[in-house]
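Everything on this sheet refers to the single structure shown next.
Each reported figure results from applying straightforward, stated rules to the coordinates on display, with no laboratory input. Keep in mind that this is a model prediction, so the values were computed, not measured. Cβ atoms come from the backbone with ideal geometry, glycine included; neighbour counts cover every protein chain shown.
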Amino acid sequence: MIYIVLVLSFLIGSIPTGYLISKTFYGIDIRQHGSGNTGATNVGRILGKKPAIITFLTDTLKGFLPVLLSKKLFPDTSIIVPVIAAFLAVAGNMWTPFLKFKGGKGVATGCGVFLGLAPAATGFSLVIFIITLAITKYVSISSITAAVSLPVFLYILDKQELLIYISLLLAVMIIWRHKSNIKKLLDKTEQKIR
């Protein structure tokens, strides 16, 4: 049963929501426009705020549901199964088999999994994201800053070592997925939000 839930976690995380929204309702392949990413930021730049918000919320839900499901089904396994489910959901978002293993950057799905695992620390990281975005107007900088701040808040508020370690791993993965954005920031070609 655990293995079924873990596979489902990966598959739920793998649902390419930005691609499906752009293809179904707008008749375009979002991968062929803008940055080529399927996440909410690129969807927003190409299609507008409404599909971007829907993409973000759906991607967040893709992270939250596997954690919630694993907590309900395996309440006696401490935090181990939910953490593995969380990691697999984010990995599914980043490397979806439905799009030849090319997916999103894991930010919204990562937010969803930690809303399920540690809502207070995640809430503080979201505040960091919003403040950084308001100051810089760069989603990439805000995403990286929020991802890096999460282990700090987990250390202060939660103190569960496994959560801190998985948040550090996901932060590294998110930074790695933003390597093209980091290059654009250094070249001063990264786009700001409007």
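A few remarks follow.
- Neighbourhood net charge (9 Å Cβ-Cβ; Lys/Arg +1, Asp/Glu -1) for residue 22: +1
- Measuring against 23 Å, Cα to Cα, the residue pairs 62/192; 137/184; 137/183; 23/179 contain 62/192; 23/179 as the ones spanning a longer distance.
- Normalised by the number of residues in region 1-74, the average gap of Cα pairs under 8 Å and 6 or more apart makes the relative contact order 30 percent.
- Charge dipole of region 47-134 about the Cα centre (unit charges at C-beta), most positive-ward option of 66, 120, 101: 101
- Comparing Cα centroids, region 130-194 and region 61-112 end up 18 angstrom apart.
- Length released on extending from residue 102 to residue 165, taking residue separation times 0.36 nm less the Cα-Cα span: 20.2 nm
- Selected from 27, 51, 157, residue furthest toward positive end of dipole (the chain; charges at beta carbon): 27
- Taking 7 Å steps out from each Cα toward its Cβ at residue 49 and residue 189 produces label points 3.0 nm apart.
- Helical content alone sets the calculated 222 nm signal of the chain at -24500 deg cm²/dmol, taking -39,500 (n - 2.57) per DSSP H segment of four or more residues and averaging over every residue.
- Rounded to the nearest 20 debye, the dipole magnitude of the chain is 760 debye, with +1 charges on Lys and Arg beta carbons, -1 on Asp and Glu beta carbons, and the Cα centre as origin.
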